1. Give the value in nm², to one decimal: projected area of the alpha carbon convex hull of region 296-358, averaged over all directions.
2. For the chain, what is the accessible area per residue in Å² when the probe is 1.4 Å?
3. Using the Karplus curve 6.51 cos²θ - 1.76 cosθ + 1.60 with θ = phi - 60°, work out ³J(HN,Hα) for each residue of region 416-426 in order, rounded to whole Hz, and write x for Gly and Pro.
4. With the crude spin-label approximation of a point 7 Å out along Cα→Cβ, what separation in nm comes out for Glu394 versus Asn238?
5. Taking amide H atoms as placed 1.01 Å from N in the peptide plane, list the residues 5 or more away in sequence, or in a different chain, whose amide H sits under 5 Å from that of Ser319.
6. Provide, for q = 0.10, 0.18 Å⁻¹, the log10 of I(q)/I(0) from a solvent-free Debye sum over equal Cα point scatterers in region 60-214.
7. Work the Kirkwood hydrodynamic radius out for region 394-478: mean of 1/r over every pair of different alpha-carbon atoms, inverted, in Å.
8. Residues with amide H under 5 Å of Asp224's amide H, sequence separation 5 or more or different chain, H placed in the peptide plane at 1.01 Å from N; which?
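The values are calculated or read from the model by the stated rules, or taken from the named source; none is laboratory data. None of the values given here were measured: they were computed from a predicted structure. Because the Cβ atoms are built from the backbone with ideal geometry, glycine has one as well, and the counts that use them run over all protein chains shown. In case anyone asks, the SASA skips ligands and DNA or RNA and just uses the protein heavy atoms, side chains included. Shrake-Rupley method; radii C 1.70, N 1.55, O 1.52, S 1.80 Å.
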Amino acid sequence: MTGALRIGFPLAAAALAASCVTRDVPETVARERPRPNIVFLLSDDQAYGTARHDGEHWMRTPGLDRLAAEGARFTRAFVTTSLCSPARASFLSGRWARDHGVLDNRTELPSDLPTFASELRAAGYETAYIGKWHMGWQRERPGFDFVASYDSQGTPHDAVFDLNGETVNTQGWVDDVTTEFALEFLREEHGAPFLAVVGFKSPHTPYLPPQRLLGLYEGEVQADPPNTAALPPYPRTNELAALIEMGVQRIPYGVPEHWVELLGRARKARRPKAAANSLSEKRRAYHQLIAGIDENVVRILDLIDERELAENTVVVYASDNGLCNGAHGLYIKRAAYEESIRIPLLVRYPPRVRPGTAIEKLALNVDLAPTLLELAGLDVPEPMQGKSLLPLLEGRQSEWRTGFVYENFYEPPFHTPTLYALRTEKWKLVEYPGYPSWTELFDLEEDPYETENLASSAEHAATLEALRADLAERERRIGPRPADFE
C-alpha cells in the first residue's frame with residue numbers, strides 16, 4: 001500500500017453511537033472556548049536527548065524542534081515503568097502499573113479500565129487509534145471508535161494492519177503506513193472534536209530504517225556515554241547466562257546476592273566496535289529511525305496547518321520509555337537509570353501554551369490522561385493517579401511534586417530484576433527486594449550520570465533512611481506492591 005489512502009471511516013455512525021452516552025460538559029467551559037481536538041504522537045524506545053533541540057547539532061529533527069519552539073518541552077519527563085506495555089497503559093489510564101495491572105509485555109489492557117480515550121469518547125469525541133498498540137496480542141482497542149493498528153510488535157516493513165476488524169496487507173515502512181492512516185483520519189470532516197493517538201514503532205529494534213534514510217548520519221560522531229563502565233549491581237544478560245550454566249541461578253529470579261564472586265572474573269562494560277566516539281552501525285540506525293518518525297511528524301503538522309486546525313488542536317509528542325543505549329553497560333530499558341526512564345515530552349496548544357516554554361518540573365506519563373481531560377473540560381475520574389500538567393503549561397503553578405515512584409517487575413527471560421525506586425529532584429534510591437546489598441543511592445545534582453553509588457556511605461546513612469521512608473509513604477499512596485513482586 002503506497003500513496004494516498006481512501007479508507008472511508010464510518011465516523012458518522014461512530015459519532016452517533018457516542019452521542020447516546022455523551023457526558024455533559026461544564027457550561028462555563030463550553031462558553032469560554034470550543035473543546036480542542038487532540039493528537040497524541042507516541043514513539044517507542046526513544047530516549048531523552050535524541051532531538052536536535054535537546055541533543056547534538058548533527059541530529060535532524062525539524063518536526064520535533066518545531067513542536068518545541070511552538071509549544072512547551074518538559075526537560076524532566078519520566079515514565080513510571082520503562083517498558084512498552086506498562087508505560088502505554090499508564091499513559092492511557094493515568095495510573096501506575098501496580099494499579100492498572102499491566103505489569104509486563106504479555107498482559108492486555110483491561111477493557112473496562114477508564115482511560116482518557118474512554119472518557120473523551122463518552123463526552124462525544126470521535127476517537128481513533130492508529131499504529132502500534134502493543135499490549136500483549138490484544139486485538140481490541142478499548143475506548144476507540146476507529147482502529148488502524150497491528151498485533152504486538154508488528155513488522156518494520158509490509159506490516160499487516162487490522163482496519164476496523166478487516167485485515168489489510170500494506171507495503172512500505174510501517175511508520176510511513178501508520179502516518180498515511182493518520183493523515184486520512186485528519187482529512188475527514190469531523191462532526192465533533194476528535195482524538196487521534198498515533199503509535200510509531202520506531203526507534204524500537206530490529207533497527208531497520210526505510211531505504212531513503214540508510215545513508216543519513218554517515219561519518220557523524222557521538223561520544224560514548226560517560227557512565228558506560230558504571231555497571232548495575234545485578235547480572236547483565238551474558239552474566240546471567242553464565243550463572244545459569246553454572247547451575248547457581250534459580251527461577252524466577254534466584255540470583256545469589258554475591259554473584260560476582262561466583263563468576264570469578266572482572267566485570268567489563270561492552271563497548272561499541274566502531275572507532276572511538278563514532279556512531280556505531282546500531283546507533284546510527286537508531287537515530288535514522290528517529291529521523292524517519294520526524295519526517296512523519298512534519299507531515300502531520302503540515303496537514304493540521306493546511307486544514308486550519310492548529311489553533312484548536314492539542315499536539316502531544318512523547319515516547320513510551322527511554323533506552324540505556326550503552327549507558328551503564330546496558331542496551332535495554334527497564335532499569336531505573338535516567339537514560340531508561342527519561343523521555344521526550346512536547347505539548348503544543350496555541351491558546352494556552354506559550355511558544356518556546358521550557359518546564360523543569362518532574363512530569364510523568366501518568367499525568368497525560370488528567371491533562372487531556374482537563375483540556376477538554378472534563379472531570380478526572382478518581383482512579384487516575386497522575387496530575388494535570390495544565391497549570392505548568394500555562395505558567396501558573398509553582399508548587400509541584402518533589403519526587404515519584406518508579407517500578408519494574410521481573411519478566412523472564414529478561415534479566416532486569418524487580419525493583420522499586422524513588423526519584424526526587426536531587427536523589428535517587430533504588431531497592432531490589434531480596435537483595436539489600438544491591439541498593440543504589442545517587443546524588444543526581446553532583447552525579448547526574450549515576451556513577452557513584454552512595455548506599456554504603458556512612459556519611460549518607462541518614463539520607464538513605466529518610467528516602468526509604470519517603471518511598472514507603474509514596475508507595476502507600478499509589479497502592480500495595482503486587483503480591484508476586486513484594
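1. 5.6 nm²
2. 40 Å²
3. 6, x, 4, 8, 10, 9, 10, 10, 9, 5, 10
4. Label-label distance for Glu394 and Asn238, simple model: 5.4 nm.
5. Ser43
6. -0.39, -1.30
7. 14.0 Å
8. Asn277
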